[in-house]
Amino acid sequence: MSDILPTSAPPSVPAKKIAGFKPDLLMKENHNLCPGCGEPVALRKLLEAIEAVGAQERTIGVIGIGCYTSFGSGIDVDLVQALHGRAPSVATGVKRMRPETLVFTLQGDGDMVNEGLQEVIHTAARGESVTCVLLNNGVFGETGGHMTATTVLGQRTKNSLEGRDAGYHGYPILIGDLLAQLEGTAYAARGSVHDAASVMATGRMLRRALETQEKGLGFSFVEVLTMCPTGWFIPTAEGPDYLDKVMGSVHTVGELKRKAHD
Amino acid sequence: MTRRLMEGSEAMAEAAIAAGCRFFAGYPMTPFTELLEGFAKRLPESGGACINAESELEAVGMAWGAVATGARAATGSTGQGLSLMQESFSEITRAELPLVIFNMARGQGDYYQSTRGGGHGDYRHIVLAPADAQEAVELTQLAFDLADRWRNPVLIYGDYLIAHANESVDITPRTYPPLPPKDWAVDGTLGGSGESRTVNPLGVDKKSLGIDPEGLWNRLQEKHERIECEEVRVETGFTEDAELVVVAFGSVGRFVRHVVREMRADGLKVGFVRPITLWPFPSEAVAAAAHAAGRVAVLEQNAGQMIDDVRLAVLGAAPVVAIGGISTDRSGFGVGDLLNPAAVRGRIEGALSTGGNFR
Amino acid sequence: MGDVNDMAGTTSRGTVTIETERCKGCELCIPACPPDVLSMSTEVNEIGFRYPELRPGCTGCSACLLVCPDFVFEVYRYETPQQYEVTP
Amino acid sequence: MEREFMFTGIGGQGVQLGASVLGHAATLEDRFVMLFGMYGGEMRGGTTDSTLVIADEPISAPPIVSKTWGAIVMHHEYWVPTRDKLRPGSAVFLNSTLFADEFDRDPYCVVEVPATAIASDLGAHMAGSMVMVGAVAASTGLVSLDSLVAAMKDSLPSYRKQHAPLNEKALSAGFEYAEAGATPAWTDG
């Protein structure tokens, strides 16, 4: 083991720091999300995107109910905590009263696609100038891995133990594709955080979504596929592969709509 | 001349806007619809926004967001629609947001819903029950002041008659004592400073980096106790020498007040107590009137809901009888046979002469 | 990063710091590392998790930082690449 | 002093507009007014009524009254429930062109106005309620003709503004037809 290098302190020889622990808009490094969770990775990119568009001092976030909710208290932008499903409506009220701000929502798939499906659809249809971010892992992580409206066929969850069966449980909703069809949606994309390249691509999507809002083009939406090894009952190290192969084969990654952009 | 003849709904919308309301969201439902129309017509020209929401759930969510920014905002519906909004009301109250809510109810069957906190958890709304359009205008303006003063939702309990009768009203904005600054509201400007804000129903303080539900609960309960001490409003009439006191609220209270005046003119010793705040309930006024008269009748347009509060106020010191009942028409808007001075008089005379069905 | 393999194990163009005490041992950084110079420790940290350790050959590409859910990495690029003797 | 009126008829006869014009005219004269219209789901053809209370102080009466000081009856179709709310001595204004019902007139002060006929002569057969309102104003002294005209102009929706001149003629015709002060509303002047 003699070739293990010291990593507890910055290098003593001349070197340039190219990336730090956390985005500036995060107040603390610690959080209580599970090992291998994809949500903090997506949230890092969201905060970096806010910094990239220079909206640190005029951003208001609306947070739904899910594992990421606890993470929210450590984000250094103004926040409104909404109920399960209601974030797009709450964001609508925020944006209408504070049109000069950058308004984003953060919801999980249970929050957005189960409980609040009509709210996000109507918000998109109205072309509301907000950016809705979906952290999609196909399960209710916080309750312990139950089936959601985005769980893919064959996926095992606590209430689809033999795998989601179309005849019994119905089909998953591809929410990004659904929202992209609406006239009020100016930008829609689906990213993933299963590897470094995907994380970087997701960061670009988030930035484009925020830019869409800044330009007043309409509703913008980014869905981020995230790992939930705890809710999927698999080892953390297998999370990225599972996300890519199982979820990513149905919820296909890529930009879904880019209206009048650039 | 400052009085104008206006439909109650229109007057309430104008009064709200005169009080600084800049956001409204609602979903059409009779007899609430005209209030929504009033806001839709007048808010844009006042620099505000009125959204014809796709459901009551969305309406309350939008109002929630608007009020979180520090704007004066309101939503409403009939009791049916408010049932859909209750989950949000619970959270909005716990987030200490000054939302104003209009219940243009179909009758008085929503008394429990309004005063007990129709949703989950321990909470109360200040509930104001106007008897006519002028009072509806005044209570609408007061509602925005009370909501901001206490950082607590205020609900206005109206009905079909309040909504649809045209009356002479004066909408001149009232002035109130200075309010505390809204230093809790989100405007985005503190991002990245380490001082950014969070509006939440969980007792989260960003500095503490955790939730404090017990601290939040204690603070809310202490606030609600102070509201109970300071915000009781009630109208009483002829209670000093009454042999029977009739308790009624809202439009029904207006019928009772009118009929009691007529009966007094005819030499009958009846009095009335009309709670203007349903919560906090004017227990002391009810108790004093009951002790003086020795008999209490409650006339409400339901199977007996406010009568619980009357009995709690009277604490067995006088018999309390229900002389109301449902009063509906074919349309279900709560305008039925009981809403008639002759019918109201019949009920009160029954209680006065026979003692009624005192339980 | 096409020349990474040539340098693996001998030359480091960059390095990382690792806040091992905050690591939850998810191992996502291990396959994410293009030059494959991260491996899990045999020891555990204060909260009971194994954590990544760095061997020579880091390019300073930041992939580990990008995929880490617990923000334990900081990434540096050397002004002059560092040479290391490697234990066979 | 409070004066209650029931204004009744068939939907489309201008009952709601007539009551509104009277109410707005009284408002212009700084009276307190309450106006509550009831009508069926159908816009025209059904029975319709409006309760109008005018007072010189804040109104005590609720929007639905049991007894009225006066009634304005555009058609016999709705006569019986209207009659049931009258007090002895109540003023009753009958649209005699269309009213075809027999009843004991002794308890009431009945004023017959051929409102529809007068309106037709003016070339405005729809303006019968305006004739009636003019007659009520003259007979009761409730409001002045000037206030009625001003209130009528205020009450017309924008898409009906072209009817204002004929409505004004109808108000004047009714005002001239009725005997001034026959059924005075304000005994204190």
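How much FRET efficiency would the formula 1/(1 + (r/R0)^6) give for A:Ser8 and B:Lys207, where r is the Cβ-Cβ distance and R0 is 25 Å, rounded to 0.05?
For R0 = 25 Å, the calculated efficiency reads 0.30.
Take the alpha carbon atoms of segment B:40-108, find their center, do the same for segment A:12-91, and report the distance between the two centers in whole angstrom.
29
Once the Cα gyration tensor of the protein assembly as shown is diagonalised, what are the square roots of 5 times its eigenvalues, in whole Å and ordered largest first, as equivalent ellipsoid semi-axes?
Computed over the protein assembly as shown, the values are 70, 29, 22 Å.
Would you pull out the residues with amide H under 5 Å of B:Ala131's amide H, same chain only if 5 or more places away, H placed 1.01 Å from N?
Those lying under 5 Å, H to H, from B:Ala131 are B:Ala136.
Can you compute the helix-only [θ] at 222 nm over chain D? Use -39500 (n - 2.57) per DSSP H run of at least 4 residues, normalise by all residues, nearest 500 deg cm²/dmol.
-10000 deg cm²/dmol
Got a sec? How would D:His24, A:His146, B:His291 order by Cβ neighbour count within 10 Å, fewest to most?
B:His291, A:His146, D:His24
Work out, step by step, the length gained on full extension between D:Asp101 and D:Ser144: first 0.36 nm times the residue separation, then minus their alpha carbon distance; give nm to one decimal.
Net length gain for the segment: 12.4 nm.
Please identify which residues in segment B:1-28 have an amide N closer than 19 Å to a label point set 7 Å out from the Cα of B:Ala40, following the Cα→Cβ vector.
Correct set: B:7-17, B:22-28.
Quick one: dipole size for segment B:226-359, taken about the Cα centre, charges +1 on Lys/Arg Cβ and -1 on Asp/Glu Cβ, in debye to the nearest 20.
For segment B:226-359, the charge dipole is close to 240 debye.
Taking H as built 1.01 Å from N, whose amide H comes closer than 5 Å to the amide H of B:Ile156, not counting residues under 5 places away?
B:Ile101, B:Phe102, B:Asn103, B:Leu128
Other chains near B:195-206: what is the mean number of their Cβ atoms within 10 Å of each residue's Cβ?
Other-chain Cβ atoms within 10 Å of each residue's Cβ, averaged: 6.
What are the ³J(HN,Hα) couplings of segment B:234-247, residue after residue, when phi is run through the Karplus curve with 6.51, -1.76, 1.60 and θ = phi - 60°? Round to Hz, x for glycine and proline.
The phi angles translate into 7, 10, 10, x, 6, 8, 4, 10, 6, 9, 8, 10, 10, 9 Hz.
Take the Cα atoms of segment B:119-263, find their three principal axes, and give me the spread along each one in whole Å, biggest first.
Here the spans come out as 67, 33, 28 Å, largest first.
For peptide C:55-68, how many partner chain Cβ atoms fall within 10 Å of a residue's Cβ, on average?
Partner Cβ neighbours, averaged per residue: 5.
How do B:Leu146, B:Leu84 rank when sorted from fewest to most other Cβ atoms within 10 Å of their own Cβ?
Arranged by neighbour count, lowest to highest, B:Leu146, B:Leu84 become B:Leu84, B:Leu146.
Can you give the calculated 222 nm mean residue ellipticity of chain A, where each DSSP H run of n ≥ 4 adds -39,500 (n - 2.57) and the sum is split over every residue, rounded to the nearest 500 deg cm²/dmol?
Computed mean residue ellipticity for chain A: -8000 deg cm²/dmol.
Where both partners of a DSSP beta bridge lie in the protein assembly as shown, what percent of those bridges are antiparallel, to the nearest 5?
Rounded to the nearest five, the antiparallel share is 40 percent.
Sort chain A into rounded, prolate or oblate with this rule: let a ≥ b ≥ c be the square roots of the eigenvalues of the Cα gyration tensor; rounded if a/c is under 1.5, and if a/c is not under 1.5, prolate when a/b is larger than b/c, oblate otherwise.
Oblate shape, in that a/c is at least 1.5 and b/c is the bigger or equal ratio.
Per residue of B:181-188, count partner chain C-beta atoms within 10 Å of its C-beta, then hand back the mean as an integer.
Per-residue shielding by partner chains comes out at 5.
Rounded to the nearest 500, what is chain B's calculated 222 nm mean residue ellipticity when only DSSP H runs of at least 4 contribute -39500 (n - 2.57) each, over all residues?
-12500 deg cm²/dmol
Report the per residue volume, in Å³, of the convex hull enclosing the C-alpha atoms of segment D:136-181.
It is 54 Å³ per residue.
Just to confirm my numbers, what's the Cα centroid distance between segment A:161-224 and segment D:1-74 in Å?
Each part's Cα centre sits 58 Å from the other's.
Return P(r) of segment A:6-129 (all Cα-Cα pairs; 10 Å bins starting at 0; whole %; ordered from short to long distances).
Reading the bins upward from 0: 12, 38, 32, 11, 6, 1.
Quick one: if you stick a label point 7 Å off each Cα along the C-beta vector at D:Glu57 and D:Lys161, how many nm between them?
It works out to 4.1 nm between the two label points.
Would you mind ranking A:Met227, C:Met40, D:Met74, D:Met132 by Cβ crowding within 10 Å, fewest neighbours first?
C:Met40, D:Met74, A:Met227, D:Met132
Return P(r) of segment B:235-354 (all Cα-Cα pairs; 5 Å bins starting at 0; whole %; ordered from short to long distances).
2, 13, 25, 26, 19, 10, 4, 1, 0
Would you mind putting A:7-20, A:114-127, D:5-18 in packing order, based on average other-beta-carbon counts within 10 Å, highest first?
Peptide ranking by packing, descending: D:5-18, A:114-127, A:7-20.
Is the shape of segment B:3-170 rounded, prolate or oblate, going by the alpha carbon gyration tensor and its root eigenvalues a ≥ b ≥ c, with a/c under 1.5 for rounded and a/b larger than b/c for prolate?
The shape class here is rounded.
Mind listing the phi-derived Karplus ³J(HN,Hα) values for segment D:127-136, rounded to whole Hz, using 6.51, -1.76 and 1.60 with θ = phi - 60°, and x for any glycine or proline?
Once θ is set to phi - 60°, the couplings for segment D:127-136 become 9, x, 5, 5, 4, 4, 5, x, 5, 4 Hz.
Pairs A:Lys215/A:Lys257; A:Lys17/B:Lys207; D:Lys85/D:Lys169; A:Lys22/A:Lys45; B:Lys182/B:Lys206: which are spaced more than 20 Å apart, C-alpha to C-alpha?
Result: A:Lys17/B:Lys207; D:Lys85/D:Lys169 exceed 20 Å.
Take every Cα pair under 8 Å in chain A that's 6+ residues apart, average their separations, divide by the length, and report that relative contact order as a whole percent.
20
Ratio of Rg to Rh for segment C:4-78, alpha carbon only, Kirkwood?
Dividing the radius of gyration by the Kirkwood radius yields 0.96.
Over chain B, what is the relative contact order in whole percent, taking alpha-carbon pairs under 8 Å and six or more residues apart?
16
Roughly how many debye, to the nearest 20, is the charge dipole of segment A:39-258 about its Cα centre, given +1 on each Lys and Arg Cβ, -1 on each Asp and Glu Cβ, and no other charges?
For this selection, approximately 360 debye.
Amide H to amide H, which residues 5 or more places from C:Gly14 or on other chains are under 5 Å from it, using H placed in the peptide plane?
Sorted by chain and number, the residues that satisfy this are C:Cys58, C:Thr59, C:Gly60, C:Tyr78.
State the three equivalent ellipsoid semi-axes of chain D, derived from the C-alpha gyration tensor as the square roots of 5 times its eigenvalues, in descending order and whole Å.
21, 19, 17
For chain B, build the convex hull from the C-alpha positions and give me its volume per residue in Å³.
Dividing the Cα hull volume of chain B by its residue count gives 141 Å³.
Averaged across orientations, what area in nm² does the convex hull of the alpha carbons in segment B:297-337 project?
Spelled out: convex hull of the Cα atoms, projected over all directions, averaged, 2.9 nm².
I'd like the per residue volume of the convex hull spanned by the Cα atoms of segment D:1-79, given in cubic angstrom.
With only Cα atoms used, segment D:1-79 gives 81 Å³ per residue.
Could you order peptides B:111-122, B:22-33 by the average number of other Cβ atoms within 10 Å of their residues, highest first?
Ranked by mean Cβ neighbours within 10 Å, highest first: B:22-33, B:111-122.
Go through segment A:35-43 residue by residue and turn each phi into a ³J(HN,Hα) via Karplus (6.51, -1.76, 1.60, θ = phi - 60°); whole Hz please, and just put x for glycine and proline.
x, x, 5, x, 5, x, 5, 5, 5
Any read-out appearing in this document is the output of simple, stated calculations on the displayed coordinates, not a laboratory observation. Only a predicted model underlies this, so the values are computations on that prediction, with no experimental measurement involved. No Cβ is skipped: glycine too gets one built from the backbone with ideal geometry, and neighbour counts run over all protein chains shown.
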